[in-house]
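Enquirer: This is the structure, below, for whatever I ask next.
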Amino acid sequence: MNKTRPVVVAATIAGCLLVAACGGGSSAQSGGKVSIRFSYLWTGKEAEAMEKVIADFNKSQNKITVTGVSNPDQQAQLAAMTSTKGTYDISDSFGSNTGAWASKGVLEPLDEYVQADKYDLSDFVAQAMEQVKYDGKLYATPIAMHSFMLLYNKDLLEEAGIKEPPKTANELADATAKLTTKDSGGLTRLGFGSPTGQGTDYITLAMAWGGNWYSGGKPAPNTPQNVAAVDFYVNNVIKKYGAAEVQKFTSGFGEYQSPQNPFYQGKLAMMIDGEWQSALIQSAAPKLNWGAAPIPYPDDHPELAGGSQATASMLYIPRNSQHKKEAWEFMKYLLSPPAMGAFTEALTNLPARTSLLEDPRYDKLPNFTMWLDQLKSKNLKALPSLPSYTQYNADLTSAFDAVNRLEKSPADALAEVAGKVQGYE
């Protein structure tokens with residue numbers, strides 16, 4: 001599940017890779033094999049996919065035995081990394097955690113391993129690599145990626161006389177108005193919004209409009225593009241239909257990962273969301289006639305077409321791992337094109353290798369090629385992974401909540417965050 005950004009629920013659903021520590025240390029086995037422990041979050045079909053990769057690795061050589069354990073407890077994970085003796089040897093998490101954990105000294109730097117093996121990193125998507133480095137050093141490797149597009153209900157667009165998904169901001173505003181419906185009781189459909197009812201994905205929308213949330217390695221919340229992106233949604237949805245009315249309508253939205261998702265139910269005609277929707281919709285709403293398109297760009301800036309946000313799911317070795325070299329060998333196996341391809345296909349995540357972007361294995365996933373193609377865009381951006389991310393994320397989330405309630409203007413809310421970031425460590 002991908003949850004590395006404020007507001008974006010995608011960040012809270014299937015598709016992202018989070019991991020946790022588990023009890024029991026790793027030890028050398030009889031017969032000369034070294035046993036290492038791989039802690040992961042995945043359950044169900046996702047866990048089955050990873051266990052198959054683990055089994056394939058164990059069969060491929062006779063020096064290392066990997067045991068996979070699912071235990072989704074981030075606090076236990078961090079506690080294990082700060083103990084004298086580590087309880088696991090390799091794990092995965094969000095790329096956004098790299099900076100915070102590396103700054104605490106709990107991640108093993110990987111540059112020496114890469115140099116010793118002359119391991120080629122050139123095939124990895126550049127935006128994914130941005131999230132696994134801190135202070136000029138490599139502390140993790142990307143196993144999967146996630147990016148965001150405009151999802152739309154084809155049938156609703158056709159009913160509203162909209163022949164194709166909007167490409168520009170003005171077209172998005174026009175489509176939002178045409179697709180929003182009301183009756184005597186209030187709103188019955190929102191043309192554009194978030195399936196959680198929290199406005200929209202302001203972080204990604206701003207990136208699609210040329211905005212950056214960091215500048216010179218420091219948080220920069222109130223750049224003109226960021227303010228303009230938030231203003232767009234406020235003016236075209238919240239102010240237009242009323243904050244109370246919008247909140248009343250969205251409070252009735254169903255569970256994100258269920259057939260009651262408002263996008264599946266036709267209560268939301270367009271939304272910004274991630275590639276995992278290809279599998280979720282196929283499972284929860286197989287009859288939904290939907291499409292995915294690039295997020296619209298400002299009308300006077302066509303050079304920004306194809307802009308969006310990318311995030312990474314990463315693999316790392318704890319500094320207190322008892323078997324770092326063996327963990328590195330297993331990490332390389334997980335990163336190999338066959339293993340990465342099989343795993344990301346099973347999870348409906350994007351591969352972190354450019355050589356896999358044309359792989360036919362993904363063809364059976366509805367609209368998935370749209371996200372694969374987006375990874376080639378020069379306008380795709382990733383937030384850097386810095387120690388202040390968690391606090392910045394919390395402050396932005398609070399600001400967006402105030403904006404959605406019309407308690408503060410986008411300019412004022414983001415200016416307030418700009419003041420807070422001065423106190424970040």
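Enquirer: For the chain, which whole percent of the accessible surface, found with a 1.4 angstrom probe, sits on carbon and sulfur atoms?
Expert: Details: 8260 of 16910 Å².
Ligands and nucleic acids excluded, carbon and sulfur give 49 percent.
Enquirer: Per residue of the chain, what 222 nm ellipticity follows from adding -39500 (n - 2.57) for every DSSP H run with n ≥ 4, rounded to the nearest 500? List each step's numbers first, then the result.
Expert: Values: 16 runs with 150 residues, N = 425.
About -10000 deg cm²/dmol.
Enquirer: While we're looking at this one, here's another question. Could you tell me which residue out of Pro338, Asn62, Tyr389 lies farthest along the dipole of the chain toward its positive end? Charges go on the beta carbon: Lys and Arg +1, Asp and Glu -1, centred on the Cα centre.
Expert: Looking along the dipole axis, the top candidate is Asn62.
Enquirer: Please identify, among Pro224, Pro410, Pro337, the residue showing maximal mean-square fluctuation in a Gaussian network model of the chain using a 10 angstrom Cα cutoff.
Expert: Checking each option, the largest mean-square fluctuation is seen for Pro224.
Enquirer: Another question, if that's okay. When DSSP assigns beta bridges and you keep just the ones with both residues in the chain, what percent turn out antiparallel, to the nearest 5?
Expert: Values: 31 of 45 bridges.
If I count the DSSP bridges inside the chain, around 70 percent turn out antiparallel.
Enquirer: If you take the beta carbon distance between Ala47 and Ala177 as r and set R0 to 30 Å, what does 1/(1 + (r/R0)^6) give as a FRET efficiency, to the nearest 0.05?
Expert: Working: r = 44 Å, r/R0 = 1.48.
According to the calculation, E is roughly 0.10.
Enquirer: How large is the convex hull of the C-alpha atoms of segment 235-374 per residue, in Å³?
Expert: On the way: hull volume 25.9 nm³, N = 140.
Residue-normalised Cα hull volume stands at 185 Å³.
Enquirer: I would also like to ask the following. Any idea what the dipole of the chain comes to, in debye rounded to 20, about its Cα centre with Lys/Arg Cβ at +1 and Asp/Glu Cβ at -1? Before the final figure, lay out the partial values.
Expert: Working: 38 positive and 44 negative charges, 129 e Å.
So the dipole magnitude of the chain works out to roughly 620 debye.
Enquirer: Cβ neighbours within 10 Å, averaged per peptide: list 175-182, 265-272 in order, most packed at the top. Numbers along the way, then the final one.
Expert: On the way: 175-182: 18.4, 265-272: 23.1.
By packing density, highest mean first, the sequence is 265-272, 175-182.
Enquirer: Computed from the mean reciprocal separation of all distinct C-alpha pairs, what Kirkwood hydrodynamic radius does segment 193-286 have, in Å?
Expert: Details: mean 1/r = 0.0683 Å⁻¹.
Mean inverse Cα-Cα distance, inverted, gives 14.6 Å.
Enquirer: Can you tell me the mean projection area, over all orientations, of the convex hull of segment 71-132's alpha carbons? Units nm², please.
Expert: Working: hull surface 20.7 nm².
Averaging across all directions leaves 5.2 nm² for the Cα convex hull.
Enquirer: Next question. Order 343-350, 89-96, 59-66 from most to least packed using the mean count of other Cβ atoms within 10 Å.
Expert: Working: 343-350: 23.5, 89-96: 27.6, 59-66: 14.1.
Sorting 343-350, 89-96, 59-66 by mean packing, highest first, produces 89-96, 343-350, 59-66.
Enquirer: Can you tell me the mean projection area, over all orientations, of the convex hull of segment 128-258's alpha carbons? Units nm², please. Working shown, then result.
Expert: Numbers: hull surface 42.1 nm².
The Cα convex hull of segment 128-258, projected and averaged over all directions, gives 10.5 nm².
Enquirer: A follow-up question, please. Label segment 248-323 by shape, choosing from rounded, prolate and oblate, from the square roots a ≥ b ≥ c of the eigenvalues of the Cα gyration tensor; if a/c is under 1.5 it is rounded, and otherwise prolate applies when a/b is larger than b/c, oblate when it is not.
Expert: Details: a/c = 2.33, a/b = 1.28, b/c = 1.82.
Judged from the Cα gyration tensor, segment 248-323 comes out oblate (a/c at least 1.5, b/c at or above a/b).
Enquirer: Let me ask you something else. Using only C-alpha positions, report the orientation-averaged shadow area of the convex hull of segment 293-355, nm², one decimal. If you can, show how the numbers build up before the last one.
Expert: Details: hull surface 26.7 nm².
Across all orientations, segment 293-355 yields a mean hull projection of 6.7 nm².
Enquirer: Another question, then. Please work out which option in [x] 75, 49, 37; [y] 61, 55, 51; [z] 62, 51, 45 gives Cα extents along the principal axes in Å calculated from these coordinates, and answer with its label.
Expert: Structure-derived value, by its label: [x].
Enquirer: Here is a further query. Would you mind pulling out the separation of the Cα centroids of segment 389-425 and segment 97-138, in Å?
Expert: Spelled out, the Cα-based centre of one part sits 30 Å from the other.
Enquirer: Another question about this same structure. Could you work out how much longer the chain between Thr82 and Lys239 gets when fully extended? Use 0.36 nm per residue separation minus the Cα distance between them, nm to one decimal.
Expert: Details: separation 157, 0.36 × 157 = 56.52 nm, distance 4.83 nm.
Going from the current span to full extension adds 51.7 nm.
Enquirer: Using 23 Å as the Cα-Cα cut-off, could you pick out the over-long pairs in Lys239/Lys267; Lys52/Lys381; Lys118/Lys218? The partial results should precede the final answer.
Expert: Working: Lys239/Lys267 19 Å; Lys52/Lys381 32 Å; Lys118/Lys218 32 Å.
Pairs exceeding the cut-off: Lys52/Lys381; Lys118/Lys218.
The values are calculated or read from the model by the stated rules, or taken from the named source; none is laboratory data. Because the structure is predicted, anything quoted here is derived from the model rather than measured. Neighbour counts are summed over all protein chains in view; Cβ atoms, including those assigned to glycine, are modelled from backbone coordinates with ideal geometry. Keep in mind that these areas ignore ligands, DNA and RNA; they rest on the heavy atoms of the full protein, side chains included. Shrake-Rupley method; radii C 1.70, N 1.55, O 1.52, S 1.80 Å.
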